[in-house]
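Chemist: My structure is below; once you've seen it, I'll send some questions.
The values are calculated or read from the model by the stated rules, or taken from the named source; none is laboratory data. Predicted, not measured: the structure shown is a model, and the values here were computed from it. Glycine also receives a Cβ, built like all others from the backbone with ideal geometry; neighbour counts cover every protein chain displayed. Accessible surface areas use protein heavy atoms only, side chains included; no ligands, DNA or RNA. Shrake-Rupley method; radii C 1.70, N 1.55, O 1.52, S 1.80 Å.
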Amino acid sequence: MKRRKANDPVAIQGSGKRCYHDGDYERAFEYFSKAIEAGDAVAEAHYCLSFMYRDGKGIGRDAQKRVYHLEEAAIGGHTKARHDLGVHEVFQGRIERAARHFIISANLGHDASLKAL
(Lines give C-alpha, C1' and ligand atoms only; values in the text may rest on other atoms or scores of the structure.)
Protein backbone atom coordinates (compact mmCIF):
# COMPACT_ATOMS: atom_id res chain seq x y z
CA MET A 1 0.00 0.00 0.00
CA LYS A 2 2.90 2.37 0.75
CA ARG A 3 4.35 1.80 -2.71
CA ARG A 4 0.98 2.38 -4.36
CA LYS A 5 0.52 5.65 -2.46
CA ALA A 6 3.99 6.70 -3.59
CA ASN A 7 2.81 6.27 -7.21
CA ASP A 8 5.00 3.22 -7.86
CA PRO A 9 3.66 2.03 -11.26
CA VAL A 10 4.49 -1.62 -10.54
CA ALA A 11 2.57 -1.54 -7.25
CA ILE A 12 -0.35 0.28 -8.88
CA GLN A 13 -0.41 -2.27 -11.68
CA GLY A 14 -0.39 -5.09 -9.11
CA SER A 15 -3.43 -3.55 -7.44
CA GLY A 16 -5.11 -3.44 -10.84
CA LYS A 17 -4.43 -7.13 -11.41
CA ARG A 18 -5.84 -8.01 -7.99
CA CYS A 19 -8.99 -6.01 -8.70
CA TYR A 20 -9.32 -7.59 -12.14
CA HIS A 21 -9.05 -11.12 -10.76
CA ASP A 22 -11.55 -10.23 -8.02
CA GLY A 23 -14.03 -9.05 -10.68
CA ASP A 24 -13.78 -5.36 -9.79
CA TYR A 25 -13.16 -4.28 -13.39
CA GLU A 26 -13.87 -0.58 -12.92
CA ARG A 27 -11.20 -0.25 -10.23
CA ALA A 28 -8.83 -2.42 -12.27
CA PHE A 29 -9.26 -0.04 -15.20
CA GLU A 30 -8.51 2.91 -12.93
CA TYR A 31 -5.37 1.28 -11.53
CA PHE A 32 -4.03 0.23 -14.95
CA SER A 33 -4.65 3.72 -16.30
CA LYS A 34 -2.96 5.29 -13.28
CA ALA A 35 0.04 2.93 -13.66
CA ILE A 36 0.45 4.12 -17.24
CA GLU A 37 0.32 7.75 -16.15
CA ALA A 38 2.88 7.07 -13.39
CA GLY A 39 5.57 6.27 -15.94
CA ASP A 40 8.10 3.44 -15.97
CA ALA A 41 7.30 -0.25 -16.47
CA VAL A 42 3.95 0.33 -18.14
CA ALA A 43 4.01 -2.37 -20.84
CA GLU A 44 2.12 -4.85 -18.66
CA ALA A 45 -0.52 -2.25 -17.75
CA HIS A 46 -1.08 -1.52 -21.45
CA TYR A 47 -1.35 -5.25 -22.10
CA CYS A 48 -3.94 -5.65 -19.34
CA LEU A 49 -5.98 -2.76 -20.74
CA SER A 50 -5.91 -4.42 -24.16
CA PHE A 51 -7.63 -7.44 -22.64
CA MET A 52 -10.22 -5.26 -20.96
CA TYR A 53 -11.03 -3.53 -24.26
CA ARG A 54 -11.10 -6.90 -26.04
CA ASP A 55 -13.51 -8.47 -23.54
CA GLY A 56 -15.45 -5.35 -22.57
CA LYS A 57 -14.98 -6.00 -18.86
CA GLY A 58 -15.67 -2.84 -16.89
CA ILE A 59 -15.53 -0.82 -20.09
CA GLY A 60 -17.10 -1.16 -23.52
CA ARG A 61 -15.45 -3.26 -26.19
CA ASP A 62 -13.29 -1.16 -28.43
CA ALA A 63 -11.09 -2.77 -31.09
CA GLN A 64 -9.15 0.41 -31.85
CA LYS A 65 -8.26 1.01 -28.22
CA ARG A 66 -7.35 -2.65 -27.85
CA VAL A 67 -4.88 -2.43 -30.72
CA TYR A 68 -3.52 0.88 -29.40
CA HIS A 69 -2.74 -0.68 -26.02
CA LEU A 70 -1.24 -3.78 -27.66
CA GLU A 71 1.03 -1.52 -29.72
CA GLU A 72 2.10 0.46 -26.66
CA ALA A 73 2.81 -2.75 -24.74
CA ALA A 74 4.79 -4.18 -27.67
CA ILE A 75 6.83 -0.98 -27.98
CA GLY A 76 7.55 -1.37 -24.27
CA GLY A 77 8.98 -4.85 -24.90
CA HIS A 78 5.99 -7.02 -23.98
CA THR A 79 6.49 -10.22 -26.02
CA LYS A 80 2.93 -11.53 -25.67
CA ALA A 81 1.56 -8.20 -26.86
CA ARG A 82 3.86 -8.37 -29.89
CA HIS A 83 2.59 -11.89 -30.60
CA ASP A 84 -1.03 -10.78 -30.22
CA LEU A 85 -0.39 -7.96 -32.71
CA GLY A 86 0.85 -10.60 -35.13
CA VAL A 87 -2.36 -12.57 -34.65
CA HIS A 88 -4.38 -9.40 -35.17
CA GLU A 89 -2.53 -8.70 -38.42
CA VAL A 90 -3.22 -12.25 -39.66
CA PHE A 91 -6.95 -11.69 -39.13
CA GLN A 92 -6.66 -8.38 -41.00
CA GLY A 93 -5.03 -10.20 -43.93
CA ARG A 94 -1.70 -8.41 -43.49
CA ILE A 95 0.54 -11.46 -43.45
CA GLU A 96 3.87 -9.65 -43.96
CA ARG A 97 3.19 -7.34 -41.01
CA ALA A 98 2.12 -10.33 -38.93
CA ALA A 99 5.37 -12.13 -39.80
CA ARG A 100 7.40 -9.12 -38.64
CA HIS A 101 5.61 -9.11 -35.28
CA PHE A 102 6.08 -12.88 -34.92
CA ILE A 103 9.81 -12.60 -35.76
CA ILE A 104 10.36 -9.89 -33.14
CA SER A 105 8.42 -11.83 -30.53
CA ALA A 106 10.18 -15.10 -31.38
CA ASN A 107 13.57 -13.38 -31.09
CA LEU A 108 12.52 -12.31 -27.59
CA GLY A 109 11.79 -15.93 -26.68
CA HIS A 110 8.04 -16.30 -27.32
CA ASP A 111 7.60 -19.92 -28.47
CA ALA A 112 4.09 -19.45 -29.90
CA SER A 113 5.45 -16.82 -32.27
CA LEU A 114 8.10 -19.21 -33.48
CA LYS A 115 5.42 -21.81 -34.18
CA ALA A 116 3.28 -19.22 -35.97
CA LEU A 117 6.10 -18.59 -38.43
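Chemist: For GLU89, what charge total do you get from the other residues with a beta carbon under 13 Å from its beta carbon, if Lys and Arg give +1 and Asp and Glu give -1?
Modeler: That works out to +1.
Chemist: Still on this structure: Set the Förster radius R0 to 41 Å, insert the Cβ-Cβ distance between PHE51 and GLU96 as r into 1/(1 + (r/R0)^6), and round the FRET efficiency to 0.05.
Modeler: Efficiency at R0 = 41 Å is approximately 0.95.
Chemist: Quick check on the chain: helices-only [θ] at 222 nm, where DSSP H runs of length 4 and up contribute -39,500 (n - 2.57) each and the sum goes over total residues. Nearest 500, please.
Modeler: Only helices count here, giving -23000 deg cm²/dmol.
Chemist: Right, next: In percent, how large is the relative contact order of the chain, given Cα pairs closer than 8 Å and 6 or more residues apart?
Modeler: 16
Chemist: How fast does the stretch 78-117 diffuse by Stokes-Einstein, in µm²/s, taking the Kirkwood radius from C-alpha pairs at 10 °C and 1.306 mPa s?
Modeler: After rounding, the answer is 172 µm²/s.
Chemist: Just ASP22, ASP55, ASP84 to compare: in a GNM of the chain, with alpha carbon springs under 10 Å, which one fluctuates most?
Modeler: Sorting by GNM fluctuation, first place goes to ASP22.
Chemist: Carbon and sulfur together cover what percent of the accessible area of the chain at a 1.4 Å probe radius?
Modeler: 50
Chemist: Right, another one. Please give the FRET efficiency for LEU108 paired with LYS65, using the beta carbon to beta carbon distance and R0 = 22 Å, rounded to the nearest 0.05.
Modeler: 0.35
Chemist: In square angstrom, what is the accessible area per residue of the stretch 61-117 with a 1.4 angstrom probe?
Modeler: Here the per-residue accessible area is 64 Å².
Chemist: Given all pairs of different Cα atoms, what value in angstroms does the Kirkwood hydrodynamic radius of the stretch 18-117 take?
Modeler: Final number for the Kirkwood radius of the stretch 18-117 is 13.7 Å.
Chemist: Take the Cα pairs of the stretch 6-76, get the Kirkwood Rh, then feed it into Stokes-Einstein at 20 °C and 1.002 mPa s and tell me D in µm²/s.
Modeler: The estimated diffusion coefficient comes to 185 µm²/s.
Chemist: Go ahead and run the numbers for FRET between ARG18 and ILE75, Cβ-Cβ distance against an R0 of 35 Å, rounding to 0.05.
Modeler: Result of the calculation: an efficiency of 0.85.
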